[in-house]
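See structure below.
The values are calculated or read from the model by the stated rules, or taken from the named source; none is laboratory data. This structure is a prediction, so every number in the text was calculated from the model and none was measured. Here the Cβ is made from the backbone with ideal geometry for all residues, glycine too, and neighbour counts use every protein chain on show.
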Amino acid sequence: MMVPVEKWTQELNTLFIINRMQLRRAAYKILGDWDISDDIVQDAYIKVTEVSATQNIKQPLAYLFQIVRNLAIDHYRRGIFETELFGTEEEGLYVQTLTEMPEANAINRQHLALVVKALAELPERTKRVFMLYRIEGYTHRMIADELNISTSLANILIHEATDHCRSAFLKKMD
């Protein structure tokens, strides 16, 4: 038997008001933040009212707790995902920009000049393979197809160029 919408809404409101602190505590146990827990409880209420307009909910309080739990878990997981993906805001506060460190810019330019000079000493095909791999982001297979060589030769040429640049760099540092 379907309960009239007005009566159902009134029952839901009463249930929500009476159990609001318990619902909030349930969200807090997952999130550890009272303000976010309040938001989750409000979202759960809205969700239950939307669902109840089309469905007959037999145990509204259990359903409300389940929605609070699910929303809190979703929020927690999203927070972890975003932190792993983007880091925290505080991490960005302590990063120095390259313009703040002129000596770092000078050193980087010197290193780049060493690499350019070392690459100029290499055979054209070796240099091309290295550039395709390091600059263009080609895979060994893509390089092999582009230059009509085997993937193992592409790998060997990449290593030769890398070793040559490394040794030129190390000679300069001595």
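Given the conditions (1) under 33 Å from the mean Cα position of the chain (by Cα); (2) assigned to a helix (DSSP H, G or I); (3) at pLDDT 85 or above, which single one is not true for Tyr138? The one condition Tyr138 does not meet is (2). Tell me, which residue of segment 79-94 that is among the charged types (D, E, K, R) and within 10 Å of the chain's Cα centre (by Cα) is modelled with the highest pLDDT? So the residue we want is Glu82. Taking each residue of segment 56-83 that is in the same structural domain as Ala26 (by TED's automatic domain parsing) and looking for partners that are acidic (Asp, Glu) with beta-carbon atoms closer than 8 Å, six or more apart or interchain, yields Pro60/Glu11; Leu71/Asp43. Would you please list the contacts, defined by Cβ atoms under 9 Å and residues six or more apart or on different chains, that run from a residue in segment 26-55 that is over 11 Å from Leu12 (Cβ atoms) to a residue that is not in a helix (DSSP H, G or I)? From residues that are over 11 Å from Leu12 (Cβ atoms), the pairs are Ala27/Asp33.
Looking at Gln66, is it polar (S, T, N, Q), closer than 25 Å to Gln10 by Cβ and at pLDDT 90 or above?
Yes.
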